[in-house]
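Bear in mind that the values in this text are calculations on the coordinates, not laboratory data. A quick note: this is a predicted structure, and the numbers were derived from the prediction, not measured. Using ideal geometry, Cβ is built from the backbone for each residue, glycine included, and neighbour counts are taken over all protein chains shown.
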Amino acid sequence: THGPMTPSVPPIELPRFGLVVLIGPSGAGKSTWAARHARGTEILSSDAFRALVADDESDQDATLDAFDVLHLVAARRLAHRRLSVVDATNVESWARGRLLELASTHRARTVAVVFDVPLDVCLARNAVRADRRLRNAVRHTHAAGSRTAAPRPITWTYASLTASLAISASPGGL
């Protein structure tokens, strides 16, 4: 069913082999979408990799190590010509760039699924999530070249997505 918190989305046919990059702020519905459209083995969730690395999917101090492992698993899956769905915010172009490099190396088709959900919806969804420790609506996003995660509010990831979409609207600009 669709309601004000779950807008209707056109169906997307995923390739049998390729890299699907989910893009959107926390609370946009990326994990729900992934669970509905891909098998569990195909979903590479940054939260799940944080849990593997640090026994806690909310442990933002484990983010960079989690992404190291996520990228390794994505590379191995692509080498075996398997579909890989990356469930992470991916709102910054440099983060998507690393994924595009993996896809290019393995000659994998790349699909971007952008979750352009209103900020108030993302904030409302995060407010009721029992599986997250988002104190004062703070979201952490991995930082380039750093071994620690930098705190970022959901509003920051939302603004980054909006800016990135404007830049990426040009041909070939995931």
Please sort 109-115, 47-53 by packing, taking for each peptide the average over its residues of neighbouring beta carbons within 10 angstrom, highest first.
47-53, 109-115
Computed over the Cα atoms of the stretch 1-118, the Rg and Dmax in Å are 13.9, 41
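Under a Cβ-Cβ cut-off of 11 Å, what is the net charge of the residues other than Arg16 that fall near it, where Lys and Arg count +1 and Asp and Glu count -1?
Result for the neighbourhood of Arg16: +1.
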Relative contact order, percent, the stretch 1-118 [alpha-carbon distance under 8 Å, six or more residues apart]
43
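Based on the alpha carbons, how large is the Rg to Rh ratio for the stretch 82-129 when Rh follows Kirkwood?
My calculation puts Rg/Rh at 1.09.
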Quick one: which residues, 5+ away or cross-chain, put their amide H under 5 Å from the amide H of Val113? H built at 1.01 Å from N.
Val21, Leu22, Ile23
Its Cα gyration tensor gives the stretch 35-95 an equivalent ellipsoid whose semi-axes in whole Å, largest first, are 19, 13, 12
